[in-house]
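Before any comments, here is the structure.
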Amino acid sequence: MRRLLFSIVAAIWLVSSAAAFAAGIDMDVVCYYGDGELTYTELNVGIQRSSILYNALGDDSVAAEFTVIVSLSRNDTTFLSDTLDTKDRARRDSTASTGAYFPYVFRYLLTPGEYDVLVELRQERAQLFRSMDDLIQVPKFGEETPISDLALGAELEFGAEPSRYTKNSVKFVPNPSRFYGSEMPMLYYYVELYGLNGDSSSTDSLTVTRMVVASDRGEFAKNPSVRKFANLANSMVVADGFPAYTLHTGTYKLKLEIDCPGQPARKVSKKFWVFRPEDLAEGREFEMDPDLSAQIFSSDQDIVMTISPDSGVALMQHLLTQKDMRRVRNMDPEGKRRFMIEYWSKNYPDDPNAANKHFARVAEANRRYSFLNREGWKTDRGRVLIIYGEPDQIDRRYADAAGLDHEIWYYDKLEGGVLFVFVDRSGFGDMDLVHSTKRGEIYNPDALYTQQNQNPKSKLIDQTRGLRD
């Protein structure tokens, strides 16, 4: 696809295999110089093995067959759909770990601009369907962008044989989740430089400065690393790594600054997360954004024993009765913690991870549905996700000329099959629950008609009535 002469500059950190945390599906987009007006774009996808159903084989291994579908849309029109039917084989003891994932790289040449990317995971045997979508911005490369995006990875090898993960003689296995720590000790990175002088064999003609910054404080988390190299070509790969497990649990940013004499400095950065269970056990304090919270709440740690009692009770309000809330309101911190311990042991005696699952949903709701100054768990979609879990299917109806943007969530195993209808009343992306066929929830099959002032005999209204009736 591209033929460029690259000089490889790197320190060699090798691992035979590595893993990363991924909540079902993770995706990271990395863009490089392409062909003419097009940008070479890699969609790095990670599928968490613990979310897939595996079959035991004769030896100490398991295998699973599943499908990953990537769809790209622009101006509300899907112009590309890429289907991967694959089989994953792994060690039996690795598939339940939060650090085990199946990586794949989808490669495209794209016109610069904004795209909507939808990634779907399907496994028919397990009746599994999951999806994630995101808006991405594909840049145009030229004199003003003489450096690619920064890719973070799980494995690095030089002089490797051609494979799905090899480019410019470098095998680089991506880590789309960008989580590191106890289960992913080494962080590797890969970046391409363009438009260099390419006329100096001096060993100090190009300087690479690596900085790791704590995002919550803006301070250096590690001393900056400075290395000098010869500038032998017009293009170059910089690939390297460092032990991320030495960092404490938190959110960080990896920054690279490359200086070439007579040219402006090239700068690139990317956020990543570190999670070490021992930090929780030691009671270490740290700032948590929603992505880091999801990792911690999904871990094997007993979150009831580590979360702030005030925060814990507040984040349980979707489950508690008014009587429970009045009872716990005036308790001291120790009393609130005892209340939480009793609540989870009494109501979920057969599931010791029930509390962790609940707080994981809270964190995921914050990640997906936070709106302006309102946290995601306080929104209608966040509440439904927390109480009922992931829907079996989501029908997203955006930019519909017939009316307002809305979503229909289907739960096939709940009360024989129920749905929830959310409508974007404001037009700014926040959605309100207007109708559901779940007992105890709001039931108003004409709600969408009321909001949109459209024909109440629409397909949507017929669907909602049919399931309830």
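What percentage of the solvent-accessible surface of region 363-405, computed with a 1.4 Å probe over protein heavy atoms, is contributed by carbon and sulfur atoms?
Of the solvent-accessible surface of region 363-405, carbon and sulfur hold 42 percent.
Could you work out the per residue convex hull volume over the alpha carbons of region 307-375, in cubic angstrom?
98 Å³
Could you state, as a whole-number percent, how many of the C-alpha pairs of region 36-90 are farther apart than 17 Å?
Beyond 17 Å sits 55 percent of the P(r) for region 36-90.
Determine, at each q value in 0.20 (inverse angstroms), the log₁₀ of I(q)/I(0) that the Debye formula gives when each Cα of region 45-200 is one equal point scatterer.
The Cα Debye sum returns log10 ratios of -1.48.
Relative to the compact-globule scaling 2.2 N^0.38 Å, provide the ratio for the alpha-carbon radius of gyration of region 124-207.
Working: Rg = 17.8 Å, N = 84, 2.2 N^0.38 = 11.8 Å.
Dividing the Cα radius of gyration by 2.2 N^0.38 Å gives 1.50.
For region 24-65, compute the orientation-averaged projected area of the C-alpha convex hull (one quarter of its surface), in nm².
4.6 nm²
Using a 7 Å offset from the Cα along the Cα-to-Cβ direction at both K413 and R327, what is the distance between the two label points in nm, to one decimal?
3.0 nm
Can you give me the accessible area per residue for region 402-445, using a 1.4 Å probe, in Å²?
The answer is 41 Å² per residue.
Could you report region 62-182's accessible area per residue, 1.4 Å probe, as an integer in Å²? Present the calculation step by step, with values, prior to reporting the outcome.
On the way: 5810 Å² over 121 residues.
Using a 1.4 Å probe on heavy atoms only, each residue of region 62-182 averages 48 Å².
Based on the alpha-carbon gyration tensor of region 343-446, what equivalent-ellipsoid semi-axes (square roots of 5 times the eigenvalues) come out, in whole Å, largest first?
26, 17, 11
Roughly how many percent of the accessible protein surface of region 130-272 is carbon and sulfur, given a 1.4 Å probe and a whole-percent answer?
Carbon and sulfur: 46 percent of the exposed surface of region 130-272.
What list of ³J(HN,Hα) couplings, whole Hz, do you get for region 360-370 from phi and the Karplus terms 6.51, -1.76, 1.60, once you set θ to phi - 60° and write x for glycine and proline?
So the J values, rounded to whole Hz, are 5, 5, 4, 5, 5, 4, 5, 5, 7, 10, 4.
Taking the simple approach of a point 7 Å from Cα along Cα-to-Cβ for both A230 and E257, what is their distance in nm?
So the two model labels end up 2.7 nm from each other.
Do the alpha carbons of any pairs in K270/K357; K222/K253; K228/K255; K357/K413 sit beyond 22 Å of each other, and which pairs?
Result: K270/K357 exceed 22 Å.
Please list, in chain and number order, the residues 5+ apart from G153 or on another chain whose amide H is under 5 Å from its amide H, with Hs placed from the backbone.
Amide H to amide H, under 5 Å and 5 or more residues apart or across chains, G153 pairs with N175, Y188, Y189.
The values are calculated or read from the model by the stated rules, or taken from the named source; none is laboratory data. Computed from a prediction, not measured in an experiment: that's the story for all the values here. Cβ coordinates were reconstructed from backbone atoms using ideal geometry, including for glycine residues, and neighbour counts include every protein chain displayed. Ligands, DNA and RNA are excluded from the accessible area calculation, which covers all protein heavy atoms including side chains. Shrake-Rupley method; radii C 1.70, N 1.55, O 1.52, S 1.80 Å.
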